[in-house]
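Structure first, commentary second.
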Amino acid sequence: MVHEHLQHDKDHKVLVTYEFLKRSTFQEAHRNICEMLAWDPVTQNRSRMDSSFMTKIMTTLARKGTEALGKPIESIAECTEYDSDERTFRPKPCRQYFEVDFPLSKVETVYEEIHRANFGHMRLTSKEAILKNADILERFSLMDASINYSTLIQDLPFPLHTLIVSRAYGKVKTLMIHSEDDEEKEKRKKEDVRIEYWRCRKGTTLIWRNYHAKFNRFNKYQQCASSELFHCLRHSKIDTLVFRTEKWNKYDPEIEPFISYYEQLYNSFENPDFSISVQNLEVELDWYADSLDNERQTRMMLEITNKDVIEKIKFRKYTESGFTGSMITSDRMGASELRHWDTAKELDIQDLQIHLKISTYVQFDVVRIFLKSENIFQYSTEIMEHLKNQITIAVGPNFDFEQAGQVLTRNQVTEMEMNLHENQEPENVNVEETAELLPRRDETRPTNVYFMYNNESMLLIKFFATREEIVYKKYKKEDNSFFENLNC
């Protein structure tokens, strides 16, 4: 029996608006309304048991009380993320079980009207124009508005500049920062979007989008997070993508196998036409303790990045949980086997707990590391062995260039005597005529130059103390351009 007093369009609009305020998707709203329209309290509560069976129940209750009934049995078994978060993920549809004359199109029409009114797009006529002017949060909302909007958004890039993904206890948190050069937003302020996916009982998920919350009863939190991140990234070109872990979290694979999140994201990009187009990739390593998941995490993230776009890779070791573990080495990371490892221009491993072999990163243009000044000779010797052309090593503020120069000269490395200031011009500053003009500080010229050689090649070493950099350039012995480069 269908409710007869809820059959008018005005009634339907009220019901759909209520579902929108609950943050239901258009499919969830349609299911909920159909369930309500099909509900008959008389029929649903009518006893289907005969009188003799009811007599036995009442007699048992009279003798033993309500304890005779026992505890209620849950219709949905409790599950853990360990046995239920699959590597592959396909969003489960919101199934309809009710035969009610209430088409899905009615929900979509009202949802689209509400979205246009709420986001100030009433003057726009086409869905394409609305999506073009929608910011990140609006696009997430429009994905839940109708099939048409959901389909159109899947083929459009998100206006993202920076995306930070954080692992928390039972949560995945994302911070999305809008593109900086988006001139089609009428210069209105764009609020950063914070989305959190909370793990709930029985495999359900609570999703927060800024200050709005909604339940997803059909998918688990890592699945929801990886699916929505895939929609954001597959057509977008962003500046920075960061994966990190909140500092108070400890690793327990039986409670929280966060590697499932990376696996689901990786498998979402199985289509070769899709990849993550990001210029700067930052990944926090080693919170999996000594598990092989550390290597898998790094490999999966690099394999799904676009090799023609990525410019910088940054790694840091996670130590906030109190477990320091082993030092991260090239063998533990499997660095020599990492895809796209040789396509980026810059590698930042300026972490005392990360020590990679020189042979695994000499192909980068710039490498940021922590180098001790007393180890400069041994390091330069290894650079000379593996380097093919040129590399810039950023050594950090604690590197003592004067001490490093002394170490090189003690090991028979030749220092070039050069007049580095003869061509410097006085800096034009607004001072009194009687004041002394200060020489300009030229950071393009090295502070010291050294060279070392062996039977096959020569290595030019330039110290740039003001930039905290060392530039190495390798030459064959018969290459006369080596002497030309001494005139820095």
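The values are calculated or read from the model by the stated rules, or taken from the named source; none is laboratory data. The structure displayed is predicted, hence computed values, not measured ones. Methodologically, a virtual Cβ is constructed for each residue, glycine included, from the backbone with ideal geometry; neighbour enumeration extends over all protein chains shown.
Numbers at a glance
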| read-out | value |
| --- | --- |
| Odd one out for Thr360 among (1) of a type in the set (Val, Ile, Thr); (2) assigned by TED's automatic domain parsing to the domain that holds Glu311; (3) modelled with pLDDT of 70 or more | (2) |
| Pairs with Cβ under 7 Å, 6+ apart, first in the stretch 313-342 and outside the structural domain of Glu284 (by TED's automatic domain parsing), second modelled with pLDDT under 75 and surrounded by 13 or more Cβ atoms within 10 Å (Cβ to Cβ) | none |
| Residues of the stretch 96-139 classified as at pLDDT 75 or above and part of a loop (DSSP other than H, G, I, E, B), total | 4 |
| Scan of the stretch 449-466 for residues that are closer than 14 Å to Leu387 by Cα and in contact (Cβ under 8 Å) with a residue 60 or more places away in the chain, ordered by number | Met452, Asn454, Ser457, Leu459, Ile461 |
| Neighbours by Cβ (under 7 Å, 6+ apart or cross-chain): first from the stretch 127-138, under 16 Å from His161 (Cα atoms); second among the β-branched types (Val, Ile, Thr) and surrounded by 16 or more Cβ atoms within 10 Å (Cβ to Cβ) | Ile136/Val193; Leu137/Val193 |
| Complete set of residues in the stretch 11-26 that are of a type in the set (S, T, N, Q) and surrounded by fewer than 16 Cβ atoms within 10 Å (Cβ to Cβ) | Thr17 |
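Yes/no matrix, rows are residues, columns are (1) touching a residue at least 12 places away in the same chain (Cβ under 8 Å); (2) surrounded by fewer than 15 Cβ atoms within 10 Å (Cβ to Cβ); (3) part of a helix (DSSP H, G or I); (4) of a type in the set (A, V, I, L, M, F, W, C):
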{"site": "Glu374", "(1), (2), (3), (4)": "yes, yes, yes, no"}
{"site": "Gln378", "(1), (2), (3), (4)": "no, yes, yes, no"}
{"site": "Met384", "(1), (2), (3), (4)": "yes, no, yes, yes"}
{"site": "Ile393", "(1), (2), (3), (4)": "yes, no, no, yes"}
{"site": "Phe399", "(1), (2), (3), (4)": "yes, no, no, yes"}
{"site": "Val407", "(1), (2), (3), (4)": "yes, no, yes, yes"}
